[in-house]
Amino acid sequence: NGATPQAYEAINLVRRRAYQLPAEQNSTADLPPNLSKESFFNWIKDERARELAFEGHRKLDLLRWNLLTTTMQQMLTQ
C-alpha cells in the first residue's frame, strides 16, 4: 500500500511550484515513483517542514502524526 496517483500529483505540484517550474511532470522536482507507504510519508513530513517553516505548523503536524515526543527526544540527543 503506497500513495495514490492523486497523492503523488498533489505533492509534485507543490514541489514544481517551489522550483518555479511548469505544472507538467518534471524529473527535477517530482518524487521518485513507487515509494513505500513509509517512504512517501517521510517525504510528506520533510516537505511540510520545508514548505511551512516559520509558520507555526510544525508542532501541530507532529502532534497529529503522534511524533512530537519522539522528535523532541531526538533533538535533545543530537
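Quick look at the values:
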item	result
Simple spin-label estimate for Asn1 and Arg64 in nanometres, 7 Å along Cα-Cβ	1.9 nm
Distance-filtered residues of segment 27-48 - backbone nitrogen under 20 Å, label point 7 angstrom along Glu55 Cα→Cβ	29-31, 41-48
Within the accessible area of the chain (1.4 Å probe), percent carbon and sulfur	54 percent
Residues of the chain: accessible area per residue with a 1.4 Å probe, Å²	78 Å²
Using distinct alpha-carbon pairs, which all enter the 1/r mean, Kirkwood radius of the chain in Å	13.9 Å
Residue-span extension gain [Met72 to Ser27] - 0.36 nm each, minus C-alpha spacing	12.8 nm
Magnitude of the charge dipole, the chain, Cβ model with Lys/Arg +1 and Asp/Glu -1, debye to 20	200 debye
Of Thr70, Pro22, Asn34, farthest towards positive along the dipole that unit charges on Lys, Arg, Asp, Glu beta carbons give the chain	Thr70
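The values are calculated or read from the model by the stated rules, or taken from the named source; none is laboratory data. Keep in mind the model is a prediction, meaning the values are calculated, not measured. Here the Cβ is made from the backbone with ideal geometry for all residues, glycine too, and neighbour counts use every protein chain on show. Surface accessibility is based on the protein's heavy atoms, side chains included, excluding ligands, DNA and RNA. Shrake-Rupley method; radii C 1.70, N 1.55, O 1.52, S 1.80 Å.
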